[in-house]
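Report on the structure given below.
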Amino acid sequence: MTTSYDVRTKMTSSRMIWSAIATFLVSWLPGRFFAAMGKNNPDAFLANGITLTVIFMITVLLTYFTTWERKGDPETVVDKSKTGPFHALKDIGSVFRVKSYVLHLIIYLFTFTARDIVSAVYVYFVVYAVKSNSVEASNLLTFGSIIGIPCNFIWPKIMTKFGPSKMLRIMYLMMFGTVAVYGLLYLSPFVGTVQMIIFLYVLQVTWGVSNSGTGYVPWTVFTFIPDVDEIMTGKRREGDFAGIMTFARKSTSSIAPFVTGIVLSACGFNSSAKVQTGSALNGLVLWLVLGVGVLLLIATITTYFFKLDKDNHAILISEISRLKSGGSMKDVSPDTKKVVEDLTGMKYEKLWGNNNLL
């Protein structure tokens, strides 16, 4: 829709705000209908379904009437000689030769898997490790999700100022700090007390902020990846990148719960038991802290190699525009050449279709 770094960032922020609101609604509305109409009333399901359907229809219409295709890009011409399963696989595989995209996937998948671990064990942690109950755990999760919604209004300015990599490192520090304090609370004398619940609500503020930030950055950065590919291939392939990113996330979203189940089982954890053994609780907390810590450490290290920020994106877009206008690759400035090579992971002479990517 636009090549502007700032406008894209704001658009992604808007998308994330509505996504957060939708996530809250689908978890909050059913409970309200059951509370009003009775837990055993089948009409509560119907009322919930109708309400969500109407909301869905309205948002689809809003999307249709308020979005547009960016003008100025030539229509993609399909080369019929490069169709079929072999070329489709080659096309998909070629995206992994885009340096910025590979780094982005590492950051994205490791970050979200770390979040998945917390989601998989948080209720167990609250119920068993700090001796609360499932209702309180649900309230804490809802509170954390609400905290994250308004954060999306400030992320565009923060990311524009610090850049995605530095912003992520700040979020990682906050997220791991939150998880580390979970471990300290487990060892504290406040287990099973009212003070413990207060501490957990305070921690849901830092968790909600960091969870929102680490969700915002990857999906915002993703919108700039096709620009890096364009200077490599001379084509627009947003669909390929979106498809692989979504497929990768769908493929890895089950890893954290699966591995968590194996780890907890090995520690003797029994989800149906009213009381857990000491070794089971120790294993749960260690997995929560160390599992998340290792994944965030890998993601943090990767951010130091990821250079697709506002300034470098502006240089990239300027070079693409110059080449589209008929400019010669021989006239590239040394600074632009260095930035483009760093973003693509390919020698400048091999860019703009002078390669075997497609």
Could you say which residue among Leu284, Leu351, Leu316 is in contact with a Leu (Cβ under 7 Å, 6 or more places away or on another chain), crowded, with 16+ Cβ neighbours inside 10 Å and either closer than 29 Å to Thr2 by Cβ or at pLDDT below 95 (or both)?
-> Leu316
Quick check: anything in the range 136-143 touching a Leu at 6+ places or on another chain (Cβ under 6 Å) and polar (S, T, N, Q)?
-> no
Considering residues that are of a type in the set (Ser, Thr, Tyr) and either surrounded by fewer than 12 Cβ atoms within 10 Å (Cβ to Cβ) or touching a strand residue (DSSP E or B) at 6+ places or on another chain (Cβ under 7 Å) (or both), the number found within the range 24-68 is 5
Those residues of the range 289-310 which are in a helix (DSSP H, G or I) and in contact (Cβ under 8 Å) with a residue 24 or more places away in the chain, in sequence order = Val289, Gly291, Val292, Gly293, Leu295, Leu296, Ile298, Ala299, Thr300, Thr302, Thr303, Lys310
The one condition in (1) open to solvent by 30 Å² or more (accessible area, probe 1.4 Å); (2) of a type in the set (A, V, I, L, M, F, W, C); (3) modelled with pLDDT under 95 that Phe224 fails to fulfil = (1)
Scan Ile262, Ile320, Ile298 and give me the residue that is among the hydrophobic types (A, V, I, L, M, F, W, C) and closer than 30 Å to Gly353 by Cα.
-> Ile320
Taking the range 187-197 and keeping only residues that are of a type outside the set (A, V, I, L, M, F, W, C) and either in contact with a helix residue (DSSP H, G or I) (Cβ under 7 Å, 6 or more places away or on another chain) or free of Cβ contacts under 8 Å to residues at least 12 places away in the same chain (or both), one is left with Ser188, Pro189, Thr193, Gln195
Since Phe96 meets every condition but one in (1) modelled with pLDDT of 90 or more; (2) open to solvent by 80 Å² or more (accessible area, probe 1.4 Å); (3) farther than 30 Å from Lys307 by Cα, which condition does it not meet?
-> (3)
Within the range 315-332, identify whether any single residue is in a loop (DSSP other than H, G, I, E, B) and either within 23 Å of the chain's Cα centre (by Cα) or among the β-branched types (Val, Ile, Thr) (or both), and answer yes or no.
-> yes
Applying the selection to the range 99-155, what residues are without any contact (Cβ under 8 Å) to a residue 40 or more places away in the chain, within 17 Å of Leu288 (Cα to Cα) and not in a helix (DSSP H, G or I)?
-> none
Total residues in the range 290-303, condition buried (at least 19 other Cβ atoms within 10 Å of the Cβ) and among the hydrophobic types (A, V, I, L, M, F, W, C) = 4
For the range 328-356, pairs from a residue that is at negative phi and touching a residue at least 12 places away in the same chain (Cβ under 8 Å) to a residue that is of a type in the set (Phe, Trp, Tyr) and in a helix (DSSP H, G or I), with Cβ under 8 Å and 6 or more apart or across chains, are Met329/Tyr348; Val332/Tyr348; Val340/Tyr348
Among the residues of the range 138-168, which ones are in contact with a helix residue (DSSP H, G or I) (Cβ under 6 Å, 6 or more places away or on another chain) and open to solvent by 60 Å² or more (accessible area, probe 1.4 Å)?
-> Phe143
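The values are calculated or read from the model by the stated rules, or taken from the named source; none is laboratory data. Quick caveat: nothing in here was measured; it's all calculated off a predicted structure. Heads up, the Cβs are rebuilt from the backbone with ideal geometry, glycines too, and the neighbour counts pull from every protein chain shown. To get the accessible areas, we keep the full protein, side chains included, count just its heavy atoms, and leave off ligands, DNA and RNA. Shrake-Rupley method; radii C 1.70, N 1.55, O 1.52, S 1.80 Å.
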